[in-house]
Amino acid sequence: MTEGRRCQVHLLDDRKLELLVQPKLLAKELLDLVASHFNLKEKEYFGIAFTDETGHLNWLQLDRRVLEHDFPKKSGPVVLYFCVRFYIESISYLKDNATIELFFLNAKSCIYKELIDVDSEVVFELASYILQEAKGDFSR
């Protein structure tokens, strides 16, 4: 029996999921497994990606086995990222609070990593919304 390969899935809440991926595991099954950690019902917006040797993000094809993808040839675990793959016109279309929170965490991560170009005024406005959500309205 083939042993499998170690994988590390980076989640949107900054946790890392360490897995031993078996050769027959489909990417869809891996996505289902990761989504279950968030009790995620609206999985269709999310995907699992990896960075190739040129630094480009590549999405796992859900109908293929995980280990059939062309991962970088380096030692150590395969590094994967669970993130938003398909965006929507308005957040109001989302039905589940877990999905909304993950969209927020994805946007926060993209801004922090400078994948989205945001001017400083907008950054401060977004930070104020985050503080308001976390701490509530300001009162003396």
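For the stretch 78-88, the candidate set comprises residues that are modelled with pLDDT of 95 or more and assigned to a loop (DSSP other than H, G, I, E, B); within that set, the residue that is surrounded by the fewest Cβ atoms within 10 Å (Cβ to Cβ) is PHE86. Which members of the stretch 47-67 meet the condition of being within 17 Å of the chain's Cα centre (by Cα), exposed (fewer than 13 other Cβ atoms within 10 Å of the Cβ) and under 18 Å from LYS24 (Cα atoms)? Within the stretch 47-67, no residue meets the criteria.
Here's the yes/no breakdown for (1) assigned to a helix (DSSP H, G or I); (2) more than 27 Å from GLY4 (Cα to Cα); (3) in contact with a helix residue (DSSP H, G or I) (Cβ under 7 Å, 6 or more places away or on another chain); (4) not hydrophobic (A, V, I, L, M, F, W, C):
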position: ALA49; (1), (2), (3), (4): no, no, no, no
position: PHE71; (1), (2), (3), (4): no, no, no, no
position: LYS95; (1), (2), (3), (4): no, yes, no, yes
position: ALA98; (1), (2), (3), (4): yes, yes, no, no
position: ALA134; (1), (2), (3), (4): yes, yes, no, no
position: PHE138; (1), (2), (3), (4): no, yes, no, no
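At pLDDT below 90, aliphatic (A, V, I, L, M) and exposed (fewer than 13 other Cβ atoms within 10 Å of the Cβ) - does that describe any residue in the stretch 89-99? Yes; the residues of the stretch 89-99 include at least one that is at pLDDT below 90, aliphatic (A, V, I, L, M) and exposed (fewer than 13 other Cβ atoms within 10 Å of the Cβ). Scanning the stretch 100-132 for residues that are out of contact with any helix residue (DSSP H, G or I) (no Cβ under 7 Å at 6 or more places or on another chain), among the aromatic types (Phe, Trp, Tyr) and surrounded by 13 or more Cβ atoms within 10 Å (Cβ to Cβ) turns up just one, PHE104. Before we move on, is LEU33 among the aliphatic types (A, V, I, L, M), within 30 Å of GLN22 (Cα to Cα) and either part of a helix (DSSP H, G or I) or at pLDDT below 90 (or both)? Here the answer is yes, as LEU33 does meet what is asked.
The values are calculated or read from the model by the stated rules, or taken from the named source; none is laboratory data. Note that this is a predicted model, so its numbers are computed, not measured. Cβ atoms come from the backbone with ideal geometry, glycine included; neighbour counts cover every protein chain shown.
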